[in-house]
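Each remark here refers to the structure printed beneath this line.
Bear in mind that the values in this text are calculations on the coordinates, not laboratory data. In this text, all values refer to a predicted model and were calculated from it rather than measured experimentally. For neighbour counting, all protein chains shown are included, and Cβ atoms are generated from backbone atoms with ideal geometry for every residue, glycine included.
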Amino acid sequence: MNAVEANIDGLVGPTHNYAGLAFGNIASEKHALTISNPKQAALQGLQKMKFLHDLGIPQMVMPPQPRPHAKIIRQLGYKDIKHVPKELLNQIYSASSMWVANAATISPSADTADGKVHITPANLVSKFHRGIEASTTAYYLKQIFKGTHFVHHDPLPSYMQFGDEGAANHMRLSKAHGDKGTEIFVYGSAATKKYPPRQSLQASQAIAYLHRLNPKSTVFLQQNPEAVDAGVFHNDVIAMSNEELFIYHELAYESVPQQLRRKYKTIVISEKELLLKDVVSTYFFNSQLVTLPEGGQIIIAPKECEKHAKARKCFEGLISKGIVKKVYYLDVHESMKNGGGPACLRLRVVLTEKERKAIHPKVWLNDALYNALCRWIKKYYRDRMLADDLRDPLLAEESFAALAELSRLIGISMEAS
Ligand code: SUG
């Protein structure tokens, strides 16, 4: 069936800061308590969306979540933000909902037994600041993907047994977007020495079952513990996929079935070509592999790869072998410093024409929305933020005012979860 792949990107929120909250994510640990620039972060993300839109790839915008998280403040009995202890402040203020690759797992209608698009918001239980995203994520997704074409599941139970981090640990291979595909779920390993796993096998199995996937076309791959200990906290830090193309590093998994490798166009990048530590520092694999409307695939890579001789050579090799047409290096440095590259900032959805038409119209990026969002960011966002700024009561006011205006702009209700 004819179908296109659309991307929905998380707009960076006005409280973007570096709090060092994500143990196992080396960039987050490294940049903890350094100065962030929320305005630049949001503009960088928006420019990436515009870039894809200009290439003719359908692009949607996912709003940031309201922060500080009012419900958590109330639930813990604090009368207002002034009373929240310092060690909690950075979590309820985190703008981490920008990384929508962790928002949900989505199975296109071509793969599901009932021919509907199935959506499961991620529970993100492994980190408190991320776990508190789940209910608002579900609320937003229901407003965006409306009608009978879409089945919305609840996030899985909030226990590590069902730890689920969404599409960052999910891939799909198919001859063409609209064809029946193979869905690949990647789960963590209990054998790590340094960092805990985030995705559980039981969670991945539950989603495959809920989404009514054909077990014969569903594959579960276990992460290599060595990779997790080197900072590969999600699969999208060490593998990328699009249509029939599957590119991964040789140290990504415990094993990959021969059958899968033979069925699709599989490229394995060796340790000799790119060291595991460079996979993590450059975010080579956190690139977006995209099919152009006129055919052929391109890569949107983080700017950091351009400066890295070996990473660039790997990309040039893909071009010279005719695997991809071109690599574009984009600057999303503000997000990268918290461990989020181009692919972390987007959630992919394969849609038929009918499904596409059912989507809330105001979230589609076009030139008018792009210009309005640029103005909106410039009006409300600060260009400098440090941990101490989270103590400023004005920040909460600014952040809520910004989201109220955005809500009017894109017609999404943002009331607290
Ligand atoms: O969950 N960073 C996020 C980055 C998520 C990247 N997503 C994908 N790989 N798909 C995380 O580790 C850091 C927040 C802070 O430290 O301020 C953070 O949550």
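Of the Cα atoms belonging to region 49-106, the radius of gyration and Dmax stand at 16.3, 49 Å.
In this rough spin-label picture, where each label sits 7 Å from Cα along the Cβ direction, the Ser320-Lys30 distance is 2.8 nm.
For region 207-316, the number of Lys pairs with C-alpha atoms closer than 24 Å, counting only pairs eight or more positions apart or on separate chains, is 13. Please find, in a Gaussian network model of the chain (springs between Cα atoms separated by less than 10 Å), the residue of Ala104, Ala27, Ala70 whose mean-square fluctuation is greatest. For the chain, modelled as a Gaussian network with Cα springs under 10 Å, the answer is Ala70. When only alpha carbons are used to place a centre, region 295-349 and region 362-402 end up 27 Å from one another. Listed from fewest to most Cβ neighbours within 10 Å, the set Arg391, Arg262, Arg172 follows the order Arg262, Arg391, Arg172.
Full extension of the segment from Glu398 to Phe23, taken as 0.36 nm per residue of separation minus the current Cα-Cα distance, would add 132.1 nm.
The fewest-to-most ranking of Glu273, Glu304, Glu334, Glu165 by surrounding Cβ atoms within 10 Å reads Glu273, Glu304, Glu334, Glu165. Using the Cβ-Cβ distance between Asp80 and Asn366 with R0 = 45 Å, the FRET efficiency computed as 1/(1 + (r/R0)^6) comes to roughly 0.70. Among Ser255, Ser97, Ser28, the largest mean-square fluctuation in a Gaussian network model of the chain (Cα springs under 10 Å) belongs to Ser255. Considering only alpha-carbon pairs that sit under 8 angstrom and 6 or more positions apart, the relative contact order computed for region 4-410 is 24 percent.
Peptides 112-118, 63-69 ordered by packing proxy, namely the average of other Cβ atoms within 10 Å per residue, highest first: 63-69, 112-118. Averaged over residues, the count of other Cβ atoms within 10 Å places the peptides 348-354, 368-374 in the sequence 348-354, 368-374, highest first. Taking all Cα pairs closer than 8 Å and separated by 6 or more residues, the relative contact order of region 89-228 comes to 24 percent. For the chain, the square roots a ≥ b ≥ c of the C-alpha gyration tensor eigenvalues yield an a/c under 1.5, which makes the shape rounded. Of the chymotrypsin sites (Phe, Trp or Tyr not before Pro) found in region 147-182, those in coil by DSSP whose Cβ has at most 13 other Cβ atoms within 10 Å are Tyr159. Using C-alpha pairs under 8 Å with a sequence gap of at least 6, the mean separation divided by the residue count of region 300-350 gives a relative contact order of 44 percent. Rounded, prolate or oblate: which fits region 216-357, taking a ≥ b ≥ c as square roots of the Cα gyration tensor eigenvalues, rounded meaning a/c under 1.5, else prolate when a/b beats b/c? Verdict is rounded for region 216-357.
Comparing Gly296, Gly341, Gly231 in a Gaussian network model of the chain where C-alpha atoms under 10 Å apart are linked, the largest mean-square fluctuation is found at Gly296. If you take every DSSP beta bridge fully contained in the chain, what fraction is antiparallel? Give it as a percent rounded to 5. Around 55 percent of the beta bridges assigned by DSSP in the chain are antiparallel ones. With both labels modelled 7 Å from their Cα along Cα-to-Cβ, the Tyr209 to His152 distance reads 2.4 nm. Count Lys and Arg as plus one, Asp and Glu as minus one, and take only other residues whose Cβ is under 9 Å from that of Ile8; the net charge is then +1.
Here the residues His360, His16, His177, ranked from fewest to most Cβ neighbours within 10 Å of their Cβ, fall in the order His360, His177, His16. Among the trypsin sites (Lys or Arg not before Pro) within region 188-226, those in coil by DSSP and having at most 16 neighbouring Cβ atoms inside 10 Å are Lys193, Lys194, Arg212. For region 34-55, backbone nitrogen atoms closer than 20 Å to the point 7 Å from Asp383 Cα along Cα-to-C-beta are found at 34-48.
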